[in-house]
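The values are calculated or read from the model by the stated rules, or taken from the named source; none is laboratory data. Keep in mind that this is a model prediction, so the values were computed, not measured. Cβ sites come from the backbone with ideal geometry, for glycine too, and all protein chains shown count toward neighbours. Just the protein is used for accessible areas: all its heavy atoms, side chains included, with ligands, DNA and RNA removed. Shrake-Rupley method; radii C 1.70, N 1.55, O 1.52, S 1.80 Å.
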Amino acid sequence: MAEGRELSYADAVTEAIREEMARDESVFSIGEDIGGVKERKNLWDQFRERRVWQTPISESGFTGLAVGAAMTGLRPVAVIMYCDFLTVCMDPIVNQAAKVHLMSGGQFKVPLVIRTPGGAGTREAGQHSQSLESWFVHVPGLKVVMPSSPSDAKGLMKSAIREDGPVIYIEHRLLRGMKGEVPEGEWLVPLGKAEVKRVGGDITVVATSYAVQKALGAAAFLEG
């Protein structure tokens, strides 16, 4: 990985969105907890007049809007405050966004990112602590991204925004405060390609998201 400054996982995601919005005027952000509720440094103030909209708690409504906007050529980043509430908007995601490209014979693309936190461990009760990624992995037409480090969080978000189809981008909430080196400027991590985080000769551990950090920690413990 190229050298960079140290950023938190959450700040790396915000930086990626801000850079993509500056690079491409078709990118906008809409959803929950992106404005006054949980201020995103330099994002809300910089773009709120035209391209950042804090919505009411109406996941199905603004997700459907984002699907339609993506079909017209815009590149929305829809923010749902908990992964659990993807269930409220399954129709626009699973029956529309995932299938429009195929059903239109390629006439429509849906360059949509749905960004949401997932996972347990922060005591947020049963309707706010689920890991639902396996549902979406099994939906034809959707891609699922689950970064495991700050550098991956930035690079994968930038790649997800540039993707011409719908991407579910899930941030494990236990990673959001994690800090690490993140390259400045243009930094892309390709979608659909695994990375070898540690080379060894005994076993292969395949992991995603927070489990990557747990696996690396276990390897370091066994080595010591």
Of those in segment 99-113 that are in contact (Cβ under 8 Å) with a residue 12 or more places away in the chain and more than 24 Å from Met81 (Cα to Cα), the residue least open to solvent (accessible area, probe 1.4 Å) is Val100
Considering segment 166-186, residues that are open to solvent by 50 Å² or more (accessible area, probe 1.4 Å) and more than 13 Å from the chain's Cα centre (by Cα), and then whichever is nearest to Phe136 (Cα to Cα), we arrive at Leu174
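Yes/no per residue for (1) open to solvent by 80 Å² or more (accessible area, probe 1.4 Å); (2) modelled with pLDDT of 90 or more; (3) outside any helix (DSSP H, G or I):
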site: Asp11; (1), (2), (3): yes, yes, no
site: Glu19; (1), (2), (3): no, yes, no
site: Ala22; (1), (2), (3): no, yes, no
site: Ser29; (1), (2), (3): no, yes, yes
site: Gly36; (1), (2), (3): no, no, yes
site: Glu39; (1), (2), (3): yes, no, yes
site: Gln46; (1), (2), (3): yes, no, no
Only one of Leu188, Leu174 is over 23 Å from Gly68 (Cβ atoms), aliphatic (A, V, I, L, M) and modelled with pLDDT of 95 or more, namely Leu188
Contact list, first residue from segment 173-199 and closer than 16 Å to Ser8 by Cα and basic (Lys, Arg), second anywhere and open to solvent by 100 Å² or more (accessible area, probe 1.4 Å) and outside any loop (DSSP other than H, G, I, E, B), beta-carbon distance below 9 Å, six or more apart or interchain, is Lys179/Glu6
Original post:
Any residue in segment 158-165 that is without any contact (Cβ under 8 Å) to a residue 40 or more places away in the chain and open to solvent by 30 Å² or more (accessible area, probe 1.4 Å)?
Top reply: no
From the option list Gly224, Gly126, single residue qualifying as open to solvent by 20 Å² or more (accessible area, probe 1.4 Å) and more than 14 Å from Cys83 (Cβ to Cβ) is Gly224
Out of (1) open to solvent by 10 Å² or more (accessible area, probe 1.4 Å); (2) within 16 Å of the chain's Cα centre (by Cα); (3) under 20 Å from Glu59 (Cβ atoms), the one Thr116 does not meet is (1)
Note on segment 74-103: residues at pLDDT below 95 and among the polar types (S, T, N, Q) are Thr87
The residue from Ala215, Ala219, Ala194 that alone is under 29 Å from His128 (Cα atoms) and open to solvent by less than 50 Å² (accessible area, probe 1.4 Å) is Ala215
With criteria (1) of a type outside the set (A, V, I, L, M); (2) in a helix (DSSP H, G or I); (3) out of contact with any strand residue (DSSP E or B) (no Cβ under 6 Å at 6 or more places or on another chain), Ser151 comes up short on (3)
